[in-house]
Amino acid sequence: MGSKYRRIADLAAETAREIVSGPEAYMDFLNAAAHHFKYGFRDQLLIYAQRPDATACASFDFWKRYGRWVRRGAKGIALLADDSAPYRLR
């Protein structure tokens, strides 16, 4: 298993443990997840873990298709791929 994949999977597990630690942490997560309702729970965990203040997440190609620009040097948010390829990030 790739080390990046393992780190991201561990990050999702750690974030899940953190958000159930108390009602305030869970409400913070729910407020952030409300912006990403089209994503699955695991993806919402990873978005929250990496950028809790993110309000709009999409692929680079999506932003480009709709005439938006991504700042040079901007860092992406790593998500785990759901396809049949094992251990892949998107």
Answer label for Kirkwood radius over Cα pairs in Å (calculated), chosen among (i) 14.2; (ii) 14.8; (iii) 13.6
(i)
Determine the sum of side-chain charges near E14: Lys and Arg each +1, Asp and Glu each -1, restricted to other residues whose C-beta is under 14 angstrom from that of E14.
+2
Within the stretch 11-90, chymotrypsin sites (Phe, Trp or Tyr not before Pro) in DSSP loop having at most 10 other beta-carbon neighbours inside 10 Å:
F37, Y66, W69
Only helices counted: for the chain, with every DSSP H run of 4 or more residues adding -39500 (n - 2.57) and the sum spread over all residues, [θ] at 222 nm is -15000 deg cm²/dmol
Approximate spin-label separation D10-T55, in nm, with each point projected 7 Å along Cα-to-Cβ
3.4
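Each reported figure results from applying straightforward, stated rules to the coordinates on display, with no laboratory input. Note that the structure is a prediction, hence the values are computed from the model and not measured. So basically every Cβ, Gly included, is an ideal-geometry build from the backbone, and we count neighbours across all protein chains shown.
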